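The structure under discussion appears below in the form of structure tokens.
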Amino acid sequence: MALSLKITIDNRVIEKILLNARKTIDGNIIIRDHPELDILILSGTSKVVALPKDQMDDEVYDAQNRFFKFLVQRGVIDFSSIQSGNLFMSMEAQIPEADSGDKIQFVLYACSLFVDEEQPFYDNLQDFEDEVEKQLLEPESDEYTKFDPEEHHAETKGSLPPRFVRWGISNIYRL
């Protein structure tokens with residue numbers, strides 16, 4: 001279910017954003033738009049947590065690193081508070097107090113910008129993987145050769161006949 005949010009700062013509507021987000025019972029927000037990360041905004045403790053999705057690989061840390069660098073550049077989180085979380089492969093950061101406006105809305109807006117910026121990369125990655133799979137399953141006619149087992153396989157191979165051992169321990173002990 002997509003969550004449509006209206007960002008207001010000083011009673012002025014900045015922008016409407018559309019996120020695949022859910023609000024939990026205790027008021028936290030879970031953003032599921034990113035292909036590799038689930039982003040949690042914990043309003044009670046003023047933290048942003050980035051969790052990996054189902055697939056845990058070496059690219060998750062890079063995505064988390066890009067995410068938190070993006071939030072630091074936007075001034076939404078405190079750089080010195082970025083640390084590993086208490087869940088496996090999670091990272092978290094503290095949201096500082098805002099002088100004016102709602103800090104949760106600032107974080108939601110920055111997360112929306114990050115997801116919009118990252119989406120073309122993952123779209124291109126999926127197109128590339130589909131193209132590579134197509135090339136492997138249906139190669140062009142000049143990219144493969146016909147296989148004929150009778151042409152390339154003989155009864156005996158090599159220069160020594162089989163079962164002929166000239167040296168070795170079997171020639172030493174005879175009855």
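Just so it is clear, none of the values below were taken in a lab; they were calculated from the coordinates. These figures come from a predicted structure and were not determined experimentally. Here the Cβ positions follow ideal geometry from the backbone for every residue, glycine too, while neighbour counts run over all protein chains shown.
For a straight C-alpha distance cut-off of 13 angstrom, the aspartates and glutamates reachable from LYS53 (same-chain residues fewer than eight places away being disregarded) are ASP33, GLU36, ASP38. Using only the Cα atoms of region 3-137, build the gyration tensor, take square roots of its eigenvalues as a ≥ b ≥ c, and label the shape rounded, prolate or oblate: rounded if a/c is under 1.5, else prolate if a/b is larger than b/c, else oblate. Judged from the Cα gyration tensor, region 3-137 comes out prolate (a/c at least 1.5, a/b above b/c).
A Förster radius of 30 Å, combined with the Cβ-Cβ distance separating TYR144 from GLN119, puts the computed FRET efficiency at roughly 0.25. Neighbour counting of Cβ atoms within 10 Å sorts the residues ASP33, ASP102, fewest neighbours leading, into ASP102, ASP33.
Projecting the Cα atoms of VAL107, GLN126, TYR61 onto the dipole axis of region 3-137, where Lys and Arg carry +1 and Asp and Glu carry -1 at the beta carbon, places VAL107 farthest toward the positive end. Rounded to the nearest 20 debye, the dipole size of region 3-137 about its Cα centre is 760 debye, using +1 on the Cβ of Lys and Arg and -1 on the Cβ of Asp and Glu.
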